[in-house]
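The block underneath contains the structure these notes are about, expressed in structure tokens.
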Amino acid sequence: MDGRKWYRIAFKGLKNGSHTFTYHIGDGFFESFEDSEVKSASIDVRLDLDKRDSMMILDFRCEGFIKGPCDRCLAEIDVPLYFETQVVVQFDENERDEEEVVYIDPKRNHLDLYDLLYQLIHVHIPSRYIRNCREEGEIFCDKEVLKKWSGKVEKDESPGGIWDNLKELNIN
């Protein structure tokens, strides 16, 4: 079955006014996107759609987590994800996407949210994947990696090679 089918809204049959849709996005959602940064996730999406004669206003509330390697210790962790955003859909024969406005042909009878959700999730992914291990009891951290990071790196006093020639330079 086509996974995209679950993310289509047949808006032609909807009356003007507010409508609520809920979705759960799991691992399978991201499989069709080869270049996806996300491979594993559990995200609950609530969409409040306000349909009007010439436009629709989509209010998204997404909450859950994505899995990824901790930037500090490289352990696989759940990275919390929460965001609320609004997208305006207007009807225009020239279909295009702009920053917060999507234009779709008035002859279309459905709105496909699949790519839009993918983009919204990726825009809101935190730039760093870190859990506060000390406050959370270090249950997530790879302790072997942290030991390596906490040790002081020994500096080699004699770099050798071509750099030794720099010592012989008389700058004065």
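The values are calculated or read from the model by the stated rules, or taken from the named source; none is laboratory data. All values reported here derive from a predicted model rather than from experimental measurement. Backbone-built Cβ (ideal geometry, glycine too); neighbour counts: all protein chains shown.
Residue 77 is checked against (1) farther than 30 Å from residue 147 by Cβ; (2) assigned to a strand (DSSP E or B); (3) aliphatic (A, V, I, L, M); (4) modelled with pLDDT under 90 and fails just one. What number does that condition carry?
(1)
Quick check on my filter: what residues within segment 1-20 are in a helix (DSSP H, G or I), touching a strand residue (DSSP E or B) at 6+ places or on another chain (Cβ under 9 Å) and of a type outside the set (D, E, K, R)? Even if it seems obvious, please write down each step before you answer.
Here is the first cut: in segment 1-20, the ones in a helix (DSSP H, G or I) are 3-7, 11-13.
Imposing the further condition that a residue be touching a strand residue (DSSP E or B) at 6+ places or on another chain (Cβ under 9 Å) reduces the set to 4, 6-7, 11.
Listed by number, the residues that qualify are 6, 7, 11.
Hey, could you check segment 44-74 for residues that are assigned to a loop (DSSP other than H, G, I, E, B) and hydrophobic (A, V, I, L, M, F, W, C) and say which is farthest from residue 19 (Cα to Cα)? First the steps, then the outcome.
Here is the first cut: in segment 44-74, the ones assigned to a loop (DSSP other than H, G, I, E, B) are 52-54, 70-74.
Filter once more, keeping what is hydrophobic (A, V, I, L, M, F, W, C): 70, 73-74.
Values: 70: 38, 73: 44, 74: 42 Å.
Filtering first and then ranking leaves 73.
For segment 34-78, which residues satisfy the criterion of being in contact with an Asp or Glu (Cβ under 8 Å, 6 or more places away or on another chain), among the basic types (Lys, Arg) and farther than 13 Å from residue 117 by Cβ?
Passing the criteria: 39, 67.
Identify the residue in segment 21-40 that is part of a strand (DSSP E or B) and out of contact with any Lys or Arg (no Cβ under 7 Å at 6 or more places or on another chain) and, among all such residues, is surrounded by the most Cβ atoms within 10 Å (Cβ to Cβ).
Restricting attention to segment 21-40, the residues satisfying the condition of being part of a strand (DSSP E or B) are 21-25.
Filter again for out of contact with any Lys or Arg (no Cβ under 7 Å at 6 or more places or on another chain), leaving 21, 23-25.
Values: 21: 13, 23: 16, 24: 11, 25: 21.
The selected residue is 25.
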